[in-house]
Amino acid sequence: MERLIPALKKDNVNIELIMLIRTILAASKEISFRVSQGALAGVLGSTLDENIQGEVQKKLDVIANQLLKDMLLNDDSVRAIASEEEDFVVAATPKAPYIVAFDPLDGSSNVDINGQIGTIFTIYKAKDDVPDDSELQFAQKGEEQVCAGYVLYGASTLLVMTTGGPTRCYTLDSTHGGYLLTENNFDIPGKTKEFAVNIANYRYWPEKVQCYFDEVLYQSDAFSGSSMRWNAAMVGDIHRIISRGGLFLYPQDTRSGNSNGKIRLLYEANPLALLVEKSGGLATSLGQSILTIKPTSLHQRVPVTIGSKEQVEYYNKSTI
């Protein structure tokens with residue numbers, strides 16, 4: 001099996017970007033170890049604080065964020081960082097070539113039950129025409145990402161990443177601490193009968209979205225045999241879709257703060273959309289390609305429809 005760095009060199013990734021990816025993965029290995037220790041490491045449970053999203057922080061949220069933050073701020077190729085757990089952009093090294101955004105621990109509500117969780121990250125080129133600590137550094141469309149990936153902490157620790165080419169999977173070999181290439185090129189089936197959605201939110205969805213699910217769940221023989229899968233961690237649901245197809249949905253709804261859904265554009269939707277599209281799937285928001293949306297704020301939310309091409313297209317045709 002091929003190691004990470006030789007594989008990236010074959011993809012003609014420049015050495016500075018390779019070293020930055022290594023920094024992110026160094027943090028991921030530490031997070032993976034803390035996750036594997038669970039209660040033994042004292043990382044379970046919640047803090048008394050809320051993040052910028054108004055969500056109660058888990059202890060491991062804070063630890064993962066600090067690990068990534070410290071390592072990235074000490075990497076001289078990073079000009080600025082943005083995180084789900086940080087209110088504002090944090091400046092790093094002046095004139096450095098890259099900026100990094102991340103969700104340090106997606107699905108952290110699963111921490112205490114030993115469920116799926118992961119780290120999502122994205123890298124862009126820094127902008128010279130705005131201050132280093134400005135949100136405008138990150139006002140870039142998803143199609144401008146130079147690298148996107150996630151690390152999934154589960155039975156094994158997996159890195160799924162693209163640097164502009166195919167979406168590949170690497171598995172952490174705990175015997176020597178390196179990531180080895182284990183899937184060279186994901187290819188999402190055009191249609192399956194699996195979907196991931198929090199159906200408990202049905203009552204809050206727009207009427208057309210409710211009608212779509214009435215058809216899927218009760219009315220149409222075309223959807224007979226469909227199965228719902230829901231991890232309560234977007235990174236886990238997207239990994240299943242990249243691996244074997246399906247549909248992930250998080251629509252807008254009528255609850256306070258959810259008029260644009262719940263998924264953050266910059267450090268959740270954009271990197272996962274790029275990974276899915278580089279695997280042959282589709283990623284849209286109200287029918288528009290997620291990767292063409294220019295962020296207007298750091299923690300902007302968007303409704304998302306991501307997955308197998310035919311399923312995404314049918315959902316959009318039915319609801320827009």
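The values are calculated or read from the model by the stated rules, or taken from the named source; none is laboratory data. The structure displayed is predicted, hence computed values, not measured ones. Using ideal geometry, Cβ is built from the backbone for each residue, glycine included, and neighbour counts are taken over all protein chains shown. Ligands, DNA and RNA are stripped out before the accessible areas are found, and what is left, the full protein with its side chains, is counted by its heavy atoms. Shrake-Rupley method; radii C 1.70, N 1.55, O 1.52, S 1.80 Å.
Per-structure values
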item: Hits in region 82-105 - residues which are within 17 Å of L25 (Cβ to Cβ) and open to solvent by 10 Å² or more (accessible area, probe 1.4 Å); result: Y98
item: Selection count, region 118-133, where residues are in a strand (DSSP E or B) and not small (G, A, S); result: 7
item: Verdict on S32 being polar (S, T, N, Q), in contact with a Ser or Thr (Cβ under 8 Å, 6 or more places away or on another chain) and at pLDDT below 95; result: yes
item: Filter result (part of a helix (DSSP H, G or I), open to solvent by 30 Å² or more (accessible area, probe 1.4 Å) and closer than 20 Å to S308 by Cβ) within region 191-214; result: I199
item: Lone qualifier among R229, R240 - being at pLDDT 95 or above and either open to solvent by 60 Å² or more (accessible area, probe 1.4 Å) or of a type in the set (D, E, K, R) (or both); result: R240
item: From T157, T171, T182, residue being within 28 Å of L72 (Cβ to Cβ) and in contact with a helix residue (DSSP H, G or I) (Cβ under 6 Å, 6 or more places away or on another chain); result: T157
item: Considering residues of region 122-139 that are among the polar types (S, T, N, Q) and surrounded by 19 or more Cβ atoms within 10 Å (Cβ to Cβ) only, the residue nearest to S297 (Cα to Cα); result: Q137
item: Scope region 263-288; condition on the phi < 0 side of the Ramachandran plot, among the small types (G, A, S) and in contact (Cβ under 8 Å) with a residue 40 or more places away in the chain; matching residues; result: A269, A273, S279, G281
item: Of all residues making up region 251-262, the number that are surrounded by fewer than 24 Cβ atoms within 10 Å (Cβ to Cβ) and in contact with a strand residue (DSSP E or B) (Cβ under 9 Å, 6 or more places away or on another chain); result: 8
item: Matching residues, region 275-287, being surrounded by fewer than 22 Cβ atoms within 10 Å (Cβ to Cβ) and within 17 Å of S259 (Cα to Cα); result: L286, G287
item: Pairs, first open to solvent by 40 Å² or more (accessible area, probe 1.4 Å) in region 20-36, second aromatic (F, W, Y) and modelled with pLDDT of 90 or more, C-beta under 9 Å, six or more apart; result: K29/Y179; S36/Y153
item: Enumeration of residues in region 70-81 that are open to solvent by 40 Å² or more (accessible area, probe 1.4 Å) and either among the acidic types (D, E) or assigned to a helix (DSSP H, G or I) (or both); result: D70, M71, L73, D76
item: So G118, is it among the small types (G, A, S), within 28 Å of R34 (Cα to Cα), touching a Gly at 6+ places or on another chain (Cβ under 7 Å) and touching a residue at least 24 places away in the same chain (Cβ under 8 Å); result: yes
item: Selected residue [closer than 23 Å to L158 by Cα and modelled with pLDDT of 95 or more] from A80, A27, A41; result: A27
item: Positions within region 174-188 being in a loop (DSSP other than H, G, I, E, B) and buried (at least 17 other Cβ atoms within 10 Å of the Cβ), in sequence order; result: F186, I188
